[in-house]
Amino acid sequence: MVEYKFVETSLGGFFSEPTHRETIQSYAAKGWKLVQVLPLEYNGHGKPTSYEIIFERPIQE
């Protein structure tokens, strides 16, 4: 069996830095495997502004 973790992140914008790489590296170091990245919100030009990163790992018993 596996467990899943859903983490919202951003690619940055005018006043913020992207956080996706740090998020992925941090969870990978804890044994989580990247499954998929889904866009959550879009700006007025159709560009995604936030994402949900989905991780999985075996359930640790």
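The values are calculated or read from the model by the stated rules, or taken from the named source; none is laboratory data. Quick caveat, the model's predicted, so the values are computed rather than measured. With ideal geometry, Cβ positions are generated from the backbone for all residues, glycine too; neighbour counts draw on all protein chains shown.
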When the stretch 9-32 is examined, which residues are found to be modelled with pLDDT of 85 or more and touching a Pro at 6+ places or on another chain (Cβ under 9 Å)? GLY31
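Restricting to the stretch 20-61, what's the tally of residues that are in a helix (DSSP H, G or I) and surrounded by 14 or more Cβ atoms within 10 Å (Cβ to Cβ)?
Restricting attention to the stretch 20-61, the residues satisfying the condition of being in a helix (DSSP H, G or I) are 20-29.
The next check asks that each one be surrounded by 14 or more Cβ atoms within 10 Å (Cβ to Cβ); those that pass are 20, 23-24, 27.
Of the residues in that region, 4 qualify.
On the basis of being at pLDDT 95 or above, in a strand (DSSP E or B) and touching a helix residue (DSSP H, G or I) at 6+ places or on another chain (Cβ under 8 Å), does PHE6 make the cut? I'd like the intermediate steps shown before the answer.
On the way: at pLDDT 95 or above: yes; in a strand (DSSP E or B): yes; touching a helix residue (DSSP H, G or I) at 6+ places or on another chain (Cβ under 8 Å): no.
No, not satisfied.
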